[in-house]
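Before any comments, here is the structure.
The values are calculated or read from the model by the stated rules, or taken from the named source; none is laboratory data. Model, not experiment: these values are computed from the prediction. Every residue, glycine as well, gets a Cβ built from its backbone with ideal geometry; the counts of neighbours run over all protein chains shown. With ligands, DNA and RNA removed, areas are computed over all heavy atoms of the protein, side chains included. Shrake-Rupley method; radii C 1.70, N 1.55, O 1.52, S 1.80 Å.
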Amino acid sequence: MLIKAGLLIDGTAGPAQTDCYIAVDNGLITAIGRAGDFAAAQVAAAVDYSAYTVIPGLIDPHVHLFLEGIADIKSRSARWQEDKELMLIRAVSNLARSLKQGVTTVRDLGGPYGINLYIKKAVNQSIVPGPRVLTCRQAISITGGHFHYAGGREADGPDEIIKAVREQVKGGADCIKIMMTGCVNFVCQNAGAVELSPAEALEGVRQSLASGVTTLEHGALIDETTANLIAASGVYWVPTLVPFERMLEYGRNYQTRTLPVAGIEAVYERHKAMVLHAYQSGAKIVAGTDAGALGAGHGDMWREIALLVDCGLPPVAALRAATGLAAQAVGLAEEIGTLLPGKRADLLILAGNPLTDISCVRRVVAVLKDGIANAS
Ligand SMILES: [Zn+2]
């Protein structure tokens, strides 16, 4: 199969290319070139996306497949008590939604009942359509710590934590998720109170960096010194802007008394400023939605990419944050994230030019995963 791209943004640090052809065979990209590089008959039969932009399939390194990102707090709380069978069905539905929005790889960072592993197997066996799935299986926290209520593995002290890590690896985890701090949560019993103090947040980030984590998730409430540390450490920072922005939007629209809009706004604005500061200091900023968190929907990568631009990142950097850099962050840079010969043919075709109008990442024309069209 030959694909003609009007504009190609390949997920590397290189420039965008116009009017080029992508050859796909057996799920892999075999060549990229001009019309003259291919046989005339092949060029004549090319799938014509000359009016569109082709970018790599999006990689969301932070999702929770068993949850949907509903903004309504009461409905959401009821989800924790739900039957596991329903959670599993919801995960299937979430997967399909992600793929339709151009997400071809997700990393599930924690959920109950091994749902994330079943889902991974189901996708690998082509039982259900969806992005390829990586997962940490259970997130590890201290007893009663953040996310323990969502099937987390509680562990205290070095010996228990070693055992908990081994359990995840034995069970098929692709990565290990450790909860280093509590969360900045505006929707618990003490509405209006930020659970985590800035000092605790800073200490959590510093300890994470010192421990040698590969990716840092959220990182709210940090200061410029810590943002500089993030840049210097070489860690991939996934600031997950979507749930912050969604919480703020929800709070404003519904004027609910349970959501302290001013508090959320202050945390969100600070978070955005630190993302820009870290980016300007050379940090590897990666797009990730925390899909399943309050208001963060599966497939919302278009939103996260636009929010990175809103922070002040150039559009090309925001796209790379969701493709080439995200692939590095999840350890699959050899296979996905860039459109180069030998890589998997995960392609997202967009109506518009995201370099001049980032909102067009939402305007999906087609999605190919391993060279196979899944949505149009
Ligand atoms: Zn999360």
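The single residue among LEU339, LEU350 that is at pLDDT 95 or above, touching a Leu at 6+ places or on another chain (Cβ under 8 Å) and at negative phi turns out to be LEU339. Within segment 222-244, being modelled with pLDDT under 95 and within 16 Å of the ligand (Cβ to nearest atom) holds for PRO243, PHE244.
Taken residue by residue, segment 91-112 has at least one member that is in contact with a Phe, Trp or Tyr (Cβ under 8 Å, 6 or more places away or on another chain) and more than 16 Å from the ligand (Cβ to nearest atom). Checking each residue in segment 354-370 for being free of Cβ contacts under 8 Å to residues at least 60 places away in the same chain, of a type outside the set (S, T, N, Q) and open to solvent by 30 Å² or more (accessible area, probe 1.4 Å) picks out ASP357, ARG363.
Look at segment 190-214: where a residue is at pLDDT below 75 and a partner is among the aromatic types (Phe, Trp, Tyr) and in a loop (DSSP other than H, G, I, E, B), sitting 6+ places away or on another chain with Cβ atoms under 8 Å, you get GLY192/PHE186; VAL194/PHE186. Candidates in segment 277-296 are the residues that are closer than 30 Å to SER77 by Cβ and either open to solvent by 40 Å² or more (accessible area, probe 1.4 Å) or modelled with pLDDT of 95 or more (or both); of these, the one that is nearest to the ligand (Cβ to nearest atom) is ASP290.
Pick from segment 303-313 the residues that are open to solvent by 10 Å² or more (accessible area, probe 1.4 Å) and touching a Phe, Trp or Tyr at 6+ places or on another chain (Cβ under 9 Å): which of them is farthest from TYR279 (Cα to Cα)? Write out each step before concluding.
Start the filter on segment 303-313 by keeping residues that are open to solvent by 10 Å² or more (accessible area, probe 1.4 Å), which leaves 303, 306-307, 309-312.
Keeping just the survivors that are touching a Phe, Trp or Tyr at 6+ places or on another chain (Cβ under 9 Å) gives 307, 311-312.
Working: LEU307: 14, CYS311: 10, GLY312: 9 Å.
The selected residue is LEU307.
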